[in-house]
Amino acid sequence: MQGTIGSGAYKTGAAGSAGTGSGINKSCIMEAEITGNRPIARDIYRLVMQCGDAGGMRTAFSASNPGQFINVYLRDKSMLLPRPVSICLADEERVTLVYRVVGKGTKELSAYKEGESLKISAPLGKGYDIGAVLRTLSDGVSDGLQSIERADLNTAGHAGKTVALVAGGLGVPPMLLLAKTIRSLLGNGARPRSGSRTDNGSRTDNGSRLNDGAGPERIRLISASGFQEEPFLIEELKEFCDEIHIATDSGTAGFHGNVLEMMETEGIKADYYLSCGPKPMLKALAEHCGRIKKPLQVSLEERMGCGYGACVGCACRIREKAESREISEEKKSAAGGETAGGEAIIRRKKVCTDGPVFFGDEVDWDD
Amino acid sequence: MIDLRVTIAGVTLENPVTTASGTFSARESGVFYDINELGAVITKGVSAEPWEGNPTPRIAETYGGMLNAVGLQNPGVDAFIEDELPYLRTFRTKIVANVVGKSIGEYCAVAEKLSETDIDMLEINISCPNIKEGGISFGADPGMAAEITREIKKKSGKPIVMKLTPNVTDIAEIARAVESEGADGVSLINTLLGMKIDVHKRRPVLWNRMGGLSGPAVKPVAVRMVYQVRRAVKIPVIGLGGIMTGEDAAEFLMAGADAVSIGTAALVDPTAPVRIKKELAGFMEQYGYQNLQQIRDALL
């Protein structure tokens, strides 16, 4: 698993590697100034913070990768544990979180006001491996667990290929940084031009086609998002995605049903799938991608303790495939975990440091 | 000039601050502070064979504390010796390996293997359930605690510190029992057995139903037990349980501890062990304590 999921290797011009592990960081808990903390849907809040000059905050967040998260430290010390929240958007100027009020901690967070400070960590975890995405699309070969160093961004082999961002509920916010990053890496800028020719020229009720083919290197981004009843962040996703598909459980907007049902019904297809959302959705998507033999990366979630890899609270089950293992035969038997069919060893990995993003086909969903 | 040194079972620590087992991972924690600043690191529990740990959820938050039912996931003693120990040895700090097991035989096997390495000390976690006795923990009963101490002492070439469970009626009795069989020190407390129920989902939050409570919520119990054990035995005492600040560390020293371990605090603030050491030094300067013994003697 070493180096297979993006920890900054694919970012050109990045000053040093992102995430943890790059040396002693004495300012690991930073204070940011809140510039906004408002509801954008029922129980859903968007919190925007200004990066301060102290503590290396600008550097930390300019090097953040989509799929990473931060720890939020609450003021009320009776609530001991940090709250891990996915990064929705981040750069050296500001950080955006979108969270749902589900318990005491998030309830307190929702009461913090503009101008107040918030204690947060640097970006944590390993995000989506966009290098793997680009390489797979260029070569037409699924990377699986091969070790990846850098994407060759000059390859035009991925032209016309499609990437689907499949998200459910609070899995939608990290898709924003993901979509923005994919777009900016290809140097095409953010906003697709409107008014160009489309394949069939029509706008469906749900899937709005915004643009089709604004340049030879362009990857098509499809967003497929599911919500309980009220969609959010759709306008923001439209800035980076070519197609937007919305599903709601309640039927109040878009497709009535869940994301997988929508993808089936509307024939949404892609060459690569990137996903974040509830476990049942990720599991169903992994099964779907397994059947159609398309690559997938998923962002997992578990109750965390420390969020940085010390307490081993957030374990998940990851399959190490036989052909990718470099360890010797003796070590294999001592490596721990069960064998599944004699071919793969299942290891307990940490969602906070080995993940949260893993390849869909290496996750063992049954626990 | 403040002297923070303390000698436990013949091993001299540069300062009394150590990391509690299960809350420290050399590569991950070392990103936030210089491991050389610690008196000692106490490793994650090492078992004879790799242990997978419990299914999730393994963590639950409680008022002023947390429950964990991690289940002692670790890669086993062989992997520890091969992968973890060489990295720990690149630091000057003393290394205490925590040992876990399901049977006395397993504990002894680990103690024997680790005795052939250059670690400084062993901390024996006797909160583990004794499968042979139906799951009651090794440390729950003075007879069993004495027996396991005696057997490990035979196989161990290193000093052994017995980590006591607080889930007992009389912790002083347990401490006396392990002292009588040759324990070189005791550490306490391990976690208190606790539980959290989600009343909306109508089920326990942890997969294991019950888990270990740690953090500020347990500190009064831990301080009381260190106080009682200090007055029951002569061997060194490592105190832990909810230490969040230098003043908390001083409290344990004043109750009679020789050294302290920092656990849950580090989960909440990754720099906690080193910060607490600095705060303790500041406390000592404020009151004119020149060495740790003076704090231990200070209780009126």
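The values are calculated or read from the model by the stated rules, or taken from the named source; none is laboratory data. The structure presented is a predicted model; accordingly, all values stated were derived computationally and were not measured. Virtual Cβ from ideal backbone geometry, glycine too; neighbours counted across all protein chains shown. For the accessible areas, the whole protein counts, side chains as well, though only heavy atoms, and no ligand, DNA or RNA atoms are used. Shrake-Rupley method; radii C 1.70, N 1.55, O 1.52, S 1.80 Å.
What to note about this one:
- Per residue, the convex hull volume that the Cα atoms of the range B:246-300 enclose (Å³): 70 Å³
- Here chain B is treated with +1 on each Lys and Arg Cβ and -1 on each Asp and Glu Cβ, and its dipole about the Cα centre works out to around 620 debye.
- Translational D in µm²/s for the range B:1-103 (Stokes-Einstein at 10 °C, 1.306 mPa s, Kirkwood Rh from C-alpha pairs): 105 µm²/s
- Beta bridges per DSSP with both ends in the range B:159-243, % antiparallel, nearest 5: 50 percent
- Per residue of B:21-33, other chain Cβ atoms within 10 Å of the residue Cβ number 5 on average.
- From helices alone, chain B scores -8500 deg cm²/dmol at 222 nm; the rule is -39500 (n - 2.57) for each run of n ≥ 4 DSSP H residues, then divide by the residue total.
- Residue by residue along B:55-67, Cβ atoms of other protein chains within 10 Å of the local Cβ number 6 on average.
- Whole-number Å³ per residue for the convex hull built on Cα positions in the range A:40-130: 106 Å³
- Across chain B, the fraction of Cα-Cα pairs farther apart than 27 Å, rounded to a whole number, is 36%.
- Ordering B:A217, B:A183, B:Q228 by Cα displacement along the dipole of the range B:175-300 toward the positive end leaves B:A217 in first place; charges were set at the Cβ atoms of Lys, Arg (+1) and Asp, Glu (-1).
- Spatial separation of Cα centroids for the range B:175-205 and the range A:86-101, in angstrom: 39 Å
- Per residue, the accessible area of the range B:93-174 comes to 36 Å² when a 1.4 Å probe rolls over the protein heavy atoms.
- Selected from B:G30, B:T56, B:G45, residue furthest toward positive end of dipole (the range B:1-74; charges at beta carbon): B:T56
- Of B:K94/B:K277; B:K44/B:K196; B:K44/B:K153, those spanning more than 19 Å from alpha-carbon to alpha-carbon: B:K44/B:K196; B:K44/B:K153
- Contact order, relative form, for chain B: 20 percent (alpha carbon pairs under 8 Å, 6 or more residues apart, mean separation divided by residue count).
- Surface accessible to a 1.4 Å probe, A:I182 within the full protein complex, Å²: 10 Å²
- Highest-fluctuation residue, B:V31, B:V223, B:V96 considered, GNM on chain B with Cα pairs under 10 Å: B:V31
- Computed Kirkwood radius, in angstrom, where 1/r is averaged over Cα pairs of the range B:75-118: 11.1 Å
- Extreme residue, positive dipole direction of the range B:60-99, given options B:A69, B:I95, B:A79 (C-beta unit charges): B:I95
- For B:46-53, mean number of other protein chain Cβ atoms within 10 Å: 3
- Sequence of B:K94, B:K219 when ordered by accessible area, the most exposed leading, probe 1.4 angstrom: B:K94, B:K219
- Put simply, when B:186-193, B:201-208, B:235-242 are sorted by average Cβ atoms within 10 angstrom per residue, most first, you get B:235-242, B:186-193, B:201-208.
- Its Cα centre serving as origin, the range B:161-300 has a Cβ charge dipole (Lys and Arg +1, Asp and Glu -1) of approximately 620 debye.
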